[in-house]
Amino acid sequence: FFFQAEDGIRDYKVTGVQTCALPIYKAQLTKEGLEELKEELRQLKEEKLPQIIDRVANAREQGDLSENADYHSAKEEQNFTETRISEIEDILANSTVVKNTKGHTTVGIGSQVEVYIKGKSSKTFTYEMVGEFEADPEENKISSVSPIGKSLLGKKKGDEATVKAPAGEVVYVVKNIK
(Lines give C-alpha, C1' and ligand atoms only; values in the text may rest on other atoms or scores of the structure.)
Protein backbone atom coordinates (compact mmCIF):
# COMPACT_ATOMS: atom_id res chain seq x y z
CA PHE A 1 0.00 0.00 0.00
CA PHE A 2 1.04 3.63 -0.46
CA PHE A 3 0.87 6.44 2.00
CA GLN A 4 2.15 9.96 1.82
CA ALA A 5 4.53 11.06 4.53
CA GLU A 6 4.88 14.64 5.67
CA ASP A 7 8.25 14.94 3.94
CA GLY A 8 6.66 14.40 0.48
CA ILE A 9 7.87 10.82 0.11
CA ARG A 10 5.66 7.87 -0.70
CA ASP A 11 6.49 4.73 1.21
CA TYR A 12 5.76 1.39 -0.38
CA LYS A 13 5.83 -1.70 1.80
CA VAL A 14 4.79 -5.26 1.26
CA THR A 15 4.97 -7.77 4.10
CA GLY A 16 8.31 -9.56 3.96
CA VAL A 17 9.77 -7.11 1.43
CA GLN A 18 12.15 -4.27 2.15
CA THR A 19 10.61 -0.78 2.22
CA CYS A 20 11.30 1.46 -0.76
CA ALA A 21 10.82 5.25 -0.52
CA LEU A 22 9.83 7.00 -3.75
CA PRO A 23 9.61 10.77 -4.29
CA ILE A 24 6.12 11.96 -5.20
CA TYR A 25 6.04 13.24 -8.77
CA LYS A 26 3.98 16.34 -9.36
CA ALA A 27 3.28 17.17 -12.99
CA GLN A 28 3.33 20.84 -13.88
CA LEU A 29 0.37 22.59 -15.49
CA THR A 30 -0.18 26.17 -16.52
CA LYS A 31 -3.33 27.85 -15.23
CA GLU A 32 -4.78 27.65 -18.74
CA GLY A 33 -3.96 23.94 -18.95
CA LEU A 34 -5.64 23.34 -15.60
CA GLU A 35 -8.80 25.11 -16.77
CA GLU A 36 -8.82 23.14 -20.05
CA LEU A 37 -8.55 19.83 -18.18
CA LYS A 38 -11.31 20.83 -15.75
CA GLU A 39 -13.58 21.77 -18.66
CA GLU A 40 -12.83 18.51 -20.48
CA LEU A 41 -13.62 16.58 -17.28
CA ARG A 42 -16.90 18.46 -16.85
CA GLN A 43 -17.93 17.76 -20.45
CA LEU A 44 -17.05 14.08 -20.16
CA LYS A 45 -18.91 13.60 -16.88
CA GLU A 46 -21.93 15.81 -17.47
CA GLU A 47 -22.50 15.53 -21.21
CA LYS A 48 -20.72 12.67 -22.96
CA LEU A 49 -20.95 9.88 -20.36
CA PRO A 50 -24.73 10.27 -19.80
CA GLN A 51 -25.25 10.12 -23.59
CA ILE A 52 -23.15 6.95 -23.82
CA ILE A 53 -25.03 5.35 -20.92
CA ASP A 54 -28.28 6.07 -22.77
CA ARG A 55 -26.83 4.44 -25.92
CA VAL A 56 -25.86 1.35 -23.90
CA ALA A 57 -29.36 1.13 -22.40
CA ASN A 58 -31.04 1.55 -25.80
CA ALA A 59 -28.78 -1.06 -27.39
CA ARG A 60 -29.41 -3.45 -24.50
CA GLU A 61 -33.15 -3.21 -25.19
CA GLN A 62 -32.58 -4.51 -28.72
CA GLY A 63 -32.15 -8.04 -27.40
CA ASP A 64 -29.30 -10.50 -28.00
CA LEU A 65 -26.11 -8.72 -26.85
CA SER A 66 -23.69 -11.26 -28.34
CA GLU A 67 -24.31 -9.97 -31.88
CA ASN A 68 -25.37 -6.42 -31.07
CA ALA A 69 -22.83 -4.10 -32.71
CA ASP A 70 -24.48 -0.96 -31.24
CA TYR A 71 -24.13 -2.37 -27.74
CA HIS A 72 -20.47 -3.34 -28.17
CA SER A 73 -19.64 0.01 -29.77
CA ALA A 74 -21.34 1.94 -26.95
CA LYS A 75 -19.64 -0.19 -24.26
CA GLU A 76 -16.26 0.41 -25.91
CA GLU A 77 -16.88 4.15 -26.02
CA GLN A 78 -18.05 4.06 -22.39
CA ASN A 79 -14.83 2.29 -21.37
CA PHE A 80 -12.71 4.81 -23.27
CA THR A 81 -14.57 7.76 -21.74
CA GLU A 82 -14.37 6.38 -18.19
CA THR A 83 -10.64 5.75 -18.68
CA ARG A 84 -10.13 9.35 -19.85
CA ILE A 85 -12.11 10.65 -16.85
CA SER A 86 -9.88 8.61 -14.54
CA GLU A 87 -6.72 9.92 -16.29
CA ILE A 88 -7.82 13.54 -15.93
CA GLU A 89 -8.74 13.05 -12.27
CA ASP A 90 -5.29 11.54 -11.64
CA ILE A 91 -3.57 14.41 -13.46
CA LEU A 92 -5.52 16.99 -11.46
CA ALA A 93 -4.82 15.20 -8.17
CA ASN A 94 -1.10 14.84 -8.87
CA SER A 95 -0.20 18.13 -10.49
CA THR A 96 0.83 21.57 -9.46
CA VAL A 97 -0.06 24.81 -11.18
CA VAL A 98 2.96 26.88 -12.09
CA LYS A 99 2.85 30.56 -12.74
CA ASN A 100 3.75 31.67 -16.21
CA THR A 101 7.19 33.19 -16.48
CA LYS A 102 6.68 36.90 -15.93
CA GLY A 103 9.80 38.31 -17.54
CA HIS A 104 10.78 37.98 -21.12
CA THR A 105 14.45 37.39 -20.39
CA THR A 106 14.47 33.66 -19.55
CA VAL A 107 12.56 30.74 -21.10
CA GLY A 108 10.13 29.17 -18.64
CA ILE A 109 6.70 27.59 -18.58
CA GLY A 110 4.27 29.96 -20.26
CA SER A 111 6.99 31.56 -22.38
CA GLN A 112 6.68 31.93 -26.11
CA VAL A 113 10.14 31.31 -27.49
CA GLU A 114 11.27 31.97 -31.02
CA VAL A 115 14.23 29.84 -32.12
CA TYR A 116 16.15 28.95 -35.25
CA ILE A 117 18.50 26.12 -36.10
CA LYS A 118 22.10 27.27 -35.82
CA GLY A 119 23.37 28.21 -39.28
CA LYS A 120 19.83 28.57 -40.66
CA SER A 121 18.63 31.84 -39.13
CA SER A 122 16.26 32.61 -42.01
CA LYS A 123 13.74 29.97 -40.83
CA THR A 124 12.39 30.48 -37.31
CA PHE A 125 10.07 28.42 -35.13
CA THR A 126 7.90 29.80 -32.34
CA TYR A 127 6.94 27.50 -29.48
CA GLU A 128 4.93 27.96 -26.32
CA MET A 129 6.45 26.19 -23.31
CA VAL A 130 3.73 24.28 -21.41
CA GLY A 131 3.32 21.51 -18.86
CA GLU A 132 3.67 17.92 -20.04
CA PHE A 133 -0.06 17.19 -20.31
CA GLU A 134 -0.72 20.34 -22.33
CA ALA A 135 1.73 19.68 -25.16
CA ASP A 136 0.23 19.90 -28.63
CA PRO A 137 2.70 19.96 -31.54
CA GLU A 138 -0.01 21.09 -33.97
CA GLU A 139 -0.44 24.26 -31.88
CA ASN A 140 3.35 24.61 -31.34
CA LYS A 141 2.94 23.89 -27.63
CA ILE A 142 5.95 21.94 -26.38
CA SER A 143 6.25 20.20 -23.06
CA SER A 144 8.78 21.42 -20.53
CA VAL A 145 9.87 17.78 -20.08
CA SER A 146 10.33 17.03 -23.80
CA PRO A 147 13.91 16.96 -25.12
CA ILE A 148 13.58 20.38 -26.77
CA GLY A 149 11.64 21.78 -23.81
CA LYS A 150 14.29 20.66 -21.31
CA SER A 151 17.06 22.12 -23.44
CA LEU A 152 15.30 25.50 -23.78
CA LEU A 153 14.27 25.98 -20.12
CA GLY A 154 16.31 28.69 -18.47
CA LYS A 155 17.89 29.91 -21.71
CA LYS A 156 18.17 33.59 -22.59
CA LYS A 157 18.08 35.45 -25.89
CA GLY A 158 21.12 34.43 -27.93
CA ASP A 159 21.73 31.20 -25.95
CA GLU A 160 22.14 27.90 -27.73
CA ALA A 161 20.18 24.77 -26.82
CA THR A 162 21.38 21.37 -28.02
CA VAL A 163 18.77 18.69 -28.61
CA LYS A 164 19.60 15.06 -29.30
CA ALA A 165 17.45 13.89 -32.21
CA PRO A 166 17.37 10.58 -34.09
CA ALA A 167 19.28 12.21 -36.96
CA GLY A 168 21.91 13.61 -34.57
CA GLU A 169 22.26 16.71 -32.46
CA VAL A 170 20.35 19.83 -33.43
CA VAL A 171 21.46 23.17 -32.03
CA TYR A 172 18.77 25.81 -31.64
CA VAL A 173 19.49 29.45 -30.99
CA VAL A 174 17.02 31.51 -28.93
CA LYS A 175 16.05 34.51 -31.06
CA ASN A 176 13.32 36.00 -28.90
CA ILE A 177 11.31 35.34 -25.72
CA LYS A 178 7.79 36.68 -25.23
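The values are calculated or read from the model by the stated rules, or taken from the named source; none is laboratory data. From a predicted model like this one, the values you see are computed outputs, not experimental measurements. Counting neighbours? That spans all protein chains shown, and the Cβs are built from the backbone with ideal geometry, glycine included. Ligands, DNA and RNA are stripped out before the accessible areas are found, and what is left, the full protein with its side chains, is counted by its heavy atoms. Shrake-Rupley method; radii C 1.70, N 1.55, O 1.52, S 1.80 Å.
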Item to check | Under 22 Å from K45, Cα to Cα: lysines that are on another chain or at least 8 residues apart | outcome: K31, K75
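Starting from the Cα gyration tensor of the stretch 44-178, take the square roots of the eigenvalues, sort them a ≥ b ≥ c, and report rounded, prolate or oblate (rounded when a/c is under 1.5, otherwise prolate if a/b is larger than b/c, else oblate). Could you put the intermediate results ahead of the total?
Numbers: a/c = 4.03, a/b = 2.65, b/c = 1.52.
Taking the square roots of the gyration eigenvalues as a ≥ b ≥ c, the stretch 44-178 is prolate.
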Checklist entry - Considering the dipole of the stretch 24-178 built from charges on the beta carbon (Lys and Arg +1, Asp and Glu -1) around the Cα centre, which of I142, T81, G119 is farthest to its positive end? => result G119
Next on the checklist: Need the C-alpha centroid separation for the stretch 96-163 versus the stretch 67-88, integer Å.
Outcome noted: 36
Item to check | Solvent-accessible area per residue for the stretch 108-169 (1.4 angstrom probe, square angstrom) | outcome: 59
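Once the piece of chain linking E39 and D136 is laid out straight, how much longer is it, given 0.36 nm per residue of separation minus the C-alpha distance between them? Could the numbers behind the result be given before it?
On the way: separation 97, 0.36 × 97 = 34.92 nm, distance 1.71 nm.
Contour length minus Cα-Cα distance gives 33.2 nm.
May I ask which of K48/K141; K26/K157; K123/K178; K157/K178; K141/K175; K99/K141 have a Cα-Cα span longer than 20 Å here?
K48/K141; K26/K157
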Checklist outcome for this item: Here the stretch 155-161 yields Karplus 3J(HN,Hα) values (6.51, -1.76, 1.60; θ = phi - 60°; whole Hz; Gly and Pro given as x) of 6, 10, 3, x, 5, 9, 10
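Within a Cβ distance under 14 Å of S151, other residues only, what is the Lys/Arg minus Asp/Glu net charge? Before the final figure, lay out each step's value.
Numbers: positive: K118, K150, K155, K156, K164; negative: D159, E160, E169.
Summing Lys/Arg as +1 and Asp/Glu as -1 gives +2.
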Checklist outcome for this item: On the accessible surface of the stretch 45-138, probed at 1.4 Å with all protein chains in place, carbon and sulfur together account for a percent value of 47
Checklist entry - For the stretch 38-43, in order, what is each residue's ³J(HN,Hα) by Karplus, 6.51 cos²θ - 1.76 cosθ + 1.60 with θ = phi - 60°, in whole Hz (x at glycine and Pro)? => result 4, 5, 4, 4, 4, 4
Checklist entry - Residues with amide H under 5 Å of S111's amide H, sequence separation 5 or more or different chain, H placed in the peptide plane at 1.01 Å from N; which? => result T101, M129
